[in-house]
1. Test Thr151 against the criterion of being closer than 22 Å to Asn58 by Cβ and buried (at least 21 other Cβ atoms within 10 Å of the Cβ), and give yes or no.
2. What are the residues in the stretch 138-172 that are among the small types (Gly, Ala, Ser), at pLDDT 85 or above and within 20 Å of Ser30 (Cα to Cα), if any?
3. Conditions: (1) under 30 Å from Pro48 (Cβ atoms); (2) exposed (fewer than 14 other Cβ atoms within 10 Å of the Cβ); (3) at pLDDT 80 or above. Lys191 meets all but one. Number of the miss?
4. In the stretch 173-184, is there at least one residue being out of contact with any Leu (no Cβ under 8 Å at 6 or more places or on another chain), over 30 Å from Lys79 (Cβ atoms) and at pLDDT below 85?
5. Considering each of Ser223, Ser253, Ser294 in turn, give the residue that is modelled with pLDDT under 75 and either hydroxyl-bearing (Ser, Thr, Tyr) or surrounded by 13 or more Cβ atoms within 10 Å (Cβ to Cβ) (or both).
6. List the strands (runs of 3 or more DSSP E) that sit entirely inside the stretch 33-134 and contain at least 1 residues that are buried (at least 18 other Cβ atoms within 10 Å of the Cβ) and in contact (Cβ under 8 Å) with a residue 60 or more places away in the chain.
Amino acid sequence: MKILKLLFGKIAGCTVLSFMLIAAVSAQDSPITINLVSSKAEYQPGEPVKMQVNVVNNSGHDLIVPQGFMQQEFYLLIKYTAPDGTIIRNSFIGGDAEPGPPRWFQGRECAPVEIIPQGWGSYKVIDDARIFYDLTKCGFCKAEIEVPLVTYFKLEIDQDGNTLGCMDDPGIRVFNPLTSIKVAFEILPEKPAPASLITVKVRGIDGALDNLPVRLYRLSDISVAINEETYTEICDKGELYSLIWNNLVPVASGFTDTTGTALFTNFVKDNYLIMAFVNYSEEYRYLGGFIKASDKNWKKQKPITVTLEPKDEKYWKARSPKNWKKQQKAWEDKWKKQCKKKEKDRDKWEEEQKKWKKLKKEKEYISGRDDEDSDMRNKER
């Protein structure tokens, strides 16, 4: 009798987790089936664990069960066995409820009950079980629902119209607990971020610049917004680069060698700002460039090369007035080459247009001759 009292007033909290796309059924002789369904057999770290719980009366007839049994939040009553064997339960459930005082009917000890029609049940979808359970451990896991259940054969009604089930009911059945089949799934380990070699080349008008300090900053660490649209403005003004260089701790630093190259090995995929301290003049102390997390070489784990070189006329004049005309001529030659290419492309396009117009006229002429021949044949008939 004490066991039955505990069953009515005591429901232990259990845990939930992600599982394979399999339904877990309750014991074969149970009148109620508990199904667990998960969308996937494997989950990435941090991925939402979507699942559902179905509880159905499949006994073939109506059932008399303790009052409130089908109103339980079954998705919170799942026991999760972690890869290391530890048991994880729902973090929102407190201690076990204390059993209430017994009820009596005609000298017999009873409990409130309700009728569950055949085929009736409850259905719940959980978009992310991690809200209720700590599912951070990687590896193969198991989960099952455990809930106590008592069914009665005869229904009693007291003078107030309350439905009761008596403890001495000869047809009483106890399931302690009603259990679903365990469901297995895997939480995959965290994948290391793609790493790559970063090669920084610093160039000036006279060629490679050696023994220059070079620093690597993660953009997320920089409180001031930096993007490619403002890159030119940043290089011209220099105030922001000076602020970063003098106040922020870089993720890596080094010096260029005799070829003007600095190497940074085994860096994980991210957005970076690269800076070199050239100190050519008050206006031109720093050179900068960017590395995007979207760079395809991260995934391929190939070296990423960034070339830092000034692209401003004032810099070239300040750095090497002697070679300014040489640089100016190089830019002019490049511009002329681009113009010639455009002219060549335009000439090619005009030639294609002439061919197309000529072909169109020929087709129109042939079409007109065909119409004239057709008219002549019709007249002869």
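The values are calculated or read from the model by the stated rules, or taken from the named source; none is laboratory data. As the structure is a computational prediction, the values presented were derived from the model and not from experiment. Because the Cβ atoms are built from the backbone with ideal geometry, glycine has one as well, and the counts that use them run over all protein chains shown.
1. Values: closer than 22 Å to Asn58 by Cβ: yes; buried (at least 21 other Cβ atoms within 10 Å of the Cβ): yes.
So Thr151 fits the description; yes.
2. Hit for the stretch 138-172 is Ala143, nothing else.
3. Here Lys191 meets the rest and fails (3).
4. no
5. Numbers: Ser253 fails: modelled with pLDDT under 75; Ser294 fails: modelled with pLDDT under 75.
Residue meeting the stated conditions: Ser223.
6. Values: elements: 51-57, 63-66, 78-81, 103-105, 108-116, 121-126.
Counting at least 1 such residues, we get 51-57, 63-66, 78-81, 108-116, 121-126.
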